[in-house]
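Reading through the structure tokens given below for one structure.
Read-outs throughout are calculated quantities, based only on the coordinates presented, and are distinct from any laboratory measurement. All values reported here derive from a predicted model rather than from experimental measurement. A quick note on method: Cβ atoms are made from the backbone with ideal geometry, for glycine too, and the neighbour counts reach across all protein chains shown.
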Amino acid sequence: MDGHVINWIESKALFGDDESHEEYSNQQLRKYLTRYKSGLVIYWFGYITELKQEEGILVADHLSNNIEVLQTWIEKQ
């Protein structure tokens, strides 16, 4: 998506502020990052632009139209 590899998506029906984002990062997002590598968290009601972001966790308020699906290893077999 937009040139980033996305292996998982977490959808949050709230506004992304520093406090809630840090809490979700500690409870969920870093675990996803460790298990599945890079991913995306979508905050439905936006997020503060100064939000502390980690490498490998893309933050957005919508799913981009610029999506390319990569062929998986299973499909190659």
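Some points to look at:
- Selection of the range 18-35 for residues being exposed (fewer than 14 other Cβ atoms within 10 Å of the Cβ) and in contact (Cβ under 8 Å) with a residue 24 or more places away in the chain yields 18, 22.
- Residue count for the range 49-67, restricted to those that are surrounded by 10 or more Cβ atoms within 10 Å (Cβ to Cβ), part of a loop (DSSP other than H, G, I, E, B) and either without any contact (Cβ under 8 Å) to a residue 12 or more places away in the chain or not acidic (Asp, Glu) (or both): 6
- Evaluation of residue 3 against (1) touching a strand residue (DSSP E or B) at 6+ places or on another chain (Cβ under 7 Å); (2) at positive phi; (3) among the small types (Gly, Ala, Ser) (one fails), failing number: (1)
- Each residue in the range 12-45 was checked for being more than 14 Å from the chain's Cα centre (by Cα), of a type in the set (D, E, K, R) and not in a helix (DSSP H, G or I), and 1 of them qualify.
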